[in-house]
Amino acid sequence: MTEQIFIPKAYKNTIEKGSYTWSSPSNIALVKYWGKKEHQIPENPSISFTLNECKTITKLSFSKKEDNTGFSFEVFLDNEKKDDFKPKIETFFKRIESYLPFLKTYHFKIETSNTFPHSSGIASSASGMSALALCLMSIEKALNPDITNEDFIQKTSFLARLGSGSACRSLEGDLVVWGKHDEIDRSSDLFGVKYPFEVHQNFKNYNDTILLVDKGEKQVSSTVGHNLMHNHPFAKERFKQAHSNLSTLINVFKTGDLKAFIEIVESEALTLHAMMMTSMPHFILMKPNTLEIINKIWNFRHKTGSNVCFTLDAGANVHVLYPENETEIVLEFIKNELVAFCQKGEYINDKIGFGAKLL
Ligand code: PMV
């Protein structure tokens, strides 16, 4: 399959104006995507839990304009004009223009808000770009009502990927794979697909409490971060490792082996950070409190036999993952021992979710 299949035939309908609103979640990777080729093609496959509470809600209003010369849009975050978001959206529009030929024929008003604080250090690009891609695809569906639900999701994921790689994993629940993997038939570098195999009861309603250790802006943008994998001395081994970790996870999801799950998920998080620490230039994105939390989690697990574990994004915040049947004891542990290491004591209780919704 190539990109060409996403170039639409002539549209059947014409539409003067309208609006669509989508709510789209964030996701947390278990096997991490870190390193990409041209056109947002990942160097290795990744898999993520779709989240339930951390979401972006985007309303896209559109009206036909006189000329088709350039992109015309305005952006609002929480009802405030946000001109500093425009360059990223302009780049996104340029990348997807050949797949959505109507883009220059409308003026767009993009009104967006997040259910999590904007400056929480939680990446809003996955939920933000997937919500925008969904709204744009709703226009395409109105122009061409024959598009099937399956094609709709696939093309939306393909477009979202061109906005922000991980955004292609944010449309469906509850586990999504992106990147070609030998054992997952329909997996593709071009879009995310729902994890197709059996998932043990142990992973249903899995919890993710996000501890906000550092609410500042990202120290390293993900574009800069991914580029650090070019000529990285350990890159080849890392990409191989991601394939084998995903293979192992297939069995873990089937059997419900939580100990094996923890081993892989924590190793993935530490490897992501190890890649940053060993690149040129190098970065340390963990903060002292990130390490305090990791050590507390390890001690607690050792003492109690709990199945709580952690994962990290490209930042200092810690995602604390734990099964549904440990909700009470782990929440108690978080309140008693971990909240002290959060900036202003802030954290977000989230869990595995079921994907984006048209509102
Ligand atoms: O989607 P991007 O380009 O912001 O990259 C995200 C990379 C990680 O969040 C660190 C890992 C992942 O797979 O989500």
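The table for this structure:
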read-out	value
Test for Ser130: is it of a type outside the set (Val, Ile, Thr), part of a helix (DSSP H, G or I) and either touching a Cys at 6+ places or on another chain (Cβ under 9 Å) or touching a residue at least 60 places away in the same chain (Cβ under 8 Å) (or both)	yes
Number of the exception - Ile122 against (1) over 17 Å from Tyr99 (Cβ atoms); (2) outside any loop (DSSP other than H, G, I, E, B); (3) within 16 Å of the ligand (Cβ to nearest atom)	(2)
Some residue of region 35-46 being within 16 Å of the ligand (Cβ to nearest atom) and free of Cβ contacts under 8 Å to residues at least 40 places away in the same chain	yes
Residue among Lys204, Lys141, Lys194 that alone is closer than 30 Å to Ile294 by Cβ, surrounded by fewer than 20 Cβ atoms within 10 Å (Cβ to Cβ) and away from the ligand (no atom under 16 Å from the Cβ)	Lys204
Region 213-227, residues that are within 16 Å of the ligand (Cβ to nearest atom) and closer than 23 Å to Phe310 by Cα	Val213, Asp214, Glu217, Lys218, Gln219, Val220, Ser221, Ser222, Gly225, His226
Counted residues, region 293-325 - those being in contact with a Cys (Cβ under 8 Å, 6 or more places away or on another chain), over 18 Å from Lys32 (Cα atoms) and crowded, with 23+ Cβ neighbours inside 10 Å	2
Residue identified as in contact (Cβ under 8 Å) with a residue 12 or more places away in the chain and within 13 Å of the ligand (Cβ to nearest atom) among Leu51, Leu100	Leu51
Single condition Thr248 does not satisfy, out of (1) without any contact (Cβ under 8 Å) to a residue 24 or more places away in the chain; (2) within 24 Å of Asp182 (Cα to Cα); (3) outside any helix (DSSP H, G or I)	(3)
Count of region 169-194 residues which are in contact (Cβ under 8 Å) with a residue 40 or more places away in the chain and either closer than 15 Å to Lys32 by Cα or not in a loop (DSSP other than H, G, I, E, B) (or both)	12
Failed item in (1) more than 12 Å from the ligand (Cβ to nearest atom); (2) closer than 13 Å to Asn27 by Cβ; (3) surrounded by 18 or more Cβ atoms within 10 Å (Cβ to Cβ), with Ser187 passing the rest	(2)
Failed item, numbered, when Arg238 is tested on (1) of a type in the set (D, E, K, R); (2) without any contact (Cβ under 8 Å) to a residue 12 or more places away in the chain; (3) within 23 Å of Asn317 (Cα to Cα)	(2)
Subset of region 283-335 (residues that are within 16 Å of the ligand (Cβ to nearest atom) and either assigned to a helix (DSSP H, G or I) or over 24 Å from the mean Cα position of the chain (by Cα) (or both))	Thr290
Conditions (1) among the aromatic types (Phe, Trp, Tyr); (2) at pLDDT below 95; (3) assigned to a strand (DSSP E or B); number of the one not met by Phe85	(3)
Neighbours by Cβ (under 8 Å, 6+ apart or cross-chain): first from region 269-289, within 17 Å of Val320 (Cβ to Cβ) and assigned by TED's automatic domain parsing to the domain that holds Leu228; second of a type in the set (A, V, I, L, M) and surrounded by fewer than 13 Cβ atoms within 10 Å (Cβ to Cβ)	His273/Ile284
Failed item, numbered, when His107 is tested on (1) crowded, with 20+ Cβ neighbours inside 10 Å; (2) modelled with pLDDT of 95 or more	(1)
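Here's the yes/no breakdown for (1) closer than 27 Å to Thr115 by Cα; (2) under 24 Å from the mean Cα position of the chain (by Cα):
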{"residue": "Ser19", "(1), (2)": "yes, no"}
{"residue": "Trp22", "(1), (2)": "yes, yes"}
{"residue": "Asn27", "(1), (2)": "yes, yes"}
{"residue": "Phe49", "(1), (2)": "yes, yes"}
{"residue": "Thr58", "(1), (2)": "yes, yes"}
{"residue": "Tyr99", "(1), (2)": "no, yes"}
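Condition check ((1) more than 22 Å from Leu285 (Cα to Cα); (2) more than 16 Å from the ligand (Cβ to nearest atom)) across all residues:
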{"residue": "Met229", "(1), (2)": "no, no"}
{"residue": "His232", "(1), (2)": "no, no"}
{"residue": "Ala235", "(1), (2)": "no, no"}
{"residue": "His243", "(1), (2)": "yes, no"}
{"residue": "Thr248", "(1), (2)": "yes, yes"}
{"residue": "Phe253", "(1), (2)": "yes, yes"}
{"residue": "Asp257", "(1), (2)": "yes, yes"}
{"residue": "Phe261", "(1), (2)": "yes, yes"}
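Every residue, every condition in (1) surrounded by fewer than 20 Cβ atoms within 10 Å (Cβ to Cβ); (2) away from the ligand (no atom under 14 Å from the Cβ), yes or no:
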site: Glu150; (1), (2): yes, yes
site: Ile153; (1), (2): no, yes
site: Phe158; (1), (2): no, yes
site: Ser164; (1), (2): no, no
site: Ser170; (1), (2): no, no
site: Asp174; (1), (2): no, yes
site: Val177; (1), (2): no, no
site: Glu183; (1), (2): yes, yes
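The values are calculated or read from the model by the stated rules, or taken from the named source; none is laboratory data. The structure presented is a predicted model; accordingly, all values stated were derived computationally and were not measured. Because the Cβ atoms are built from the backbone with ideal geometry, glycine has one as well, and the counts that use them run over all protein chains shown.
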